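Colleague: Right, I'll just put the structure down here and ask away after.
The values are calculated or read from the model by the stated rules, or taken from the named source; none is laboratory data. Not measured: the values here are computed from a predicted model. Positions of Cβ are backbone-derived with ideal geometry, glycine not excepted, and every protein chain shown enters the neighbour counts.
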Ligand code: GLN
């Protein structure tokens, strides 16, 4: 358990679409509101991934930066070692696919992932783009997910992971589920950014690192959630 939180934002120069960097800001804000001190490291793709972080974040991106990011993470090995010592990870879209064993490249060719999650991705028939809402695995105690997705990829979950949620609206993994988790690693297709629209997910990551959290004022988060959910869910 920690009162000093170390966040690591991986490859902002390659992977950070649709406000994914907001996930870092939300964790910083929600940790500080609980009295924690926060230190954030932005790791460019030319730099090694530090191993001593508490929560790692990686975002989405286009196919070529995704391929490059996967290669560099695999060669670097720092993220594997960090997860091995118990760090948490939120991986979004391209970052999510990279964590699996394989994903589809720009021509649909199989590209090796880094194997942190038991998932494999390929290219779907058509682009999944738009709002998404999904019910989270009750074991995680997180309210309905809301977000924005934009991807060609479809993802098959292996027995080593559990679905993060079941879709109500949207495509997610492509089989009625959205995202997955294993240990303290969460993968999701959600942008928007995911943690601004789902503070419960932010608090799950924080509680895995820092233990039970005091409630904080969520008025603005709740307004955003209500507005976004009302736009897609039947009244
Ligand atoms: N390039 C990947 C896909 O289309 C990921 C896209 C993204 O990160 N938004 O599936």
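Colleague: Look through segment 18-30, keep the residues that are in contact with a helix residue (DSSP H, G or I) (Cβ under 9 Å, 6 or more places away or on another chain) and in a loop (DSSP other than H, G, I, E, B), and return whichever of them is nearest to residue 84 (Cα to Cα).
Modeller: Of everything passing the filter in segment 18-30, 20 is nearest to residue 84 (Cα to Cα).
Colleague: Yes or no: segment 31-47 includes at least one residue that is part of a helix (DSSP H, G or I), touching a residue at least 12 places away in the same chain (Cβ under 8 Å) and within 15 Å of the ligand (Cβ to nearest atom).
Modeller: Taking segment 31-47 and keeping what is part of a helix (DSSP H, G or I), we get 31-32.
Still in the running and touching a residue at least 12 places away in the same chain (Cβ under 8 Å): 31.
Filter once more, keeping what is within 15 Å of the ligand (Cβ to nearest atom): none.
Checking segment 31-47: not a single residue is part of a helix (DSSP H, G or I), touching a residue at least 12 places away in the same chain (Cβ under 8 Å) and within 15 Å of the ligand (Cβ to nearest atom).
Colleague: Could you tell me whether segment 94-117 includes any residue that is in a strand (DSSP E or B), under 15 Å from the mean Cα position of the chain (by Cα) and within 24 Å of residue 192 (Cβ to Cβ)?
Modeller: Residues of segment 94-117 that are in a strand (DSSP E or B), as a first pass: 102-104, 110-112.
With the extra rule that they be under 15 Å from the mean Cα position of the chain (by Cα), the set shrinks to none.
No; the residues of segment 94-117 include none that is in a strand (DSSP E or B), under 15 Å from the mean Cα position of the chain (by Cα) and within 24 Å of residue 192 (Cβ to Cβ).
Colleague: Which is more than 9 Å from the ligand (Cβ to nearest atom) and in contact (Cβ under 8 Å) with a residue 40 or more places away in the chain, of 100, 84, 60? Even if it seems obvious, please write down each step before you answer.
Modeller: Values: 84 fails: in contact (Cβ under 8 Å) with a residue 40 or more places away in the chain; 60 fails: more than 9 Å from the ligand (Cβ to nearest atom).
Step by step, each of 100, 84, 60 is checked, and only 100 is more than 9 Å from the ligand (Cβ to nearest atom) and in contact (Cβ under 8 Å) with a residue 40 or more places away in the chain.
Colleague: Also: Can you tell me which of 130, 122, 147, 172 is over 12 Å from residue 96 (Cα atoms), buried (at least 16 other Cβ atoms within 10 Å of the Cβ), in contact (Cβ under 8 Å) with a residue 40 or more places away in the chain and within 16 Å of the ligand (Cβ to nearest atom)? Can you show your working first?
Modeller: Values: 130 fails: buried (at least 16 other Cβ atoms within 10 Å of the Cβ); 122 fails: in contact (Cβ under 8 Å) with a residue 40 or more places away in the chain; 172 fails: over 12 Å from residue 96 (Cα atoms).
The match here is 147.
Colleague: While we're on this one: Among the listed residues 233, 205, which satisfies the condition of being modelled with pLDDT of 95 or more and either crowded, with 16+ Cβ neighbours inside 10 Å or over 18 Å from the mean Cα position of the chain (by Cα) (or both)?
Modeller: Details: 233 fails: modelled with pLDDT of 95 or more.
Exactly one residue qualifies, and that residue is 205.
Colleague: Can you find even one residue in segment 147-156 that is farther than 26 Å from residue 228 by Cα and at pLDDT 95 or above? Give the derivation first.
Modeller: Looking only at segment 147-156, we keep the residues that are farther than 26 Å from residue 228 by Cα, and these are 156.
Checking the rest, the ones that are also at pLDDT 95 or above come to 156.
Yes: one or more hits.
Colleague: Also, quick follow-up: Report whether or not residue 163 is in contact with a helix residue (DSSP H, G or I) (Cβ under 7 Å, 6 or more places away or on another chain) and more than 11 Å from the ligand (Cβ to nearest atom).
Modeller: Against the criterion (in contact with a helix residue (DSSP H, G or I) (Cβ under 7 Å, 6 or more places away or on another chain) and more than 11 Å from the ligand (Cβ to nearest atom)), residue 163 does not qualify.
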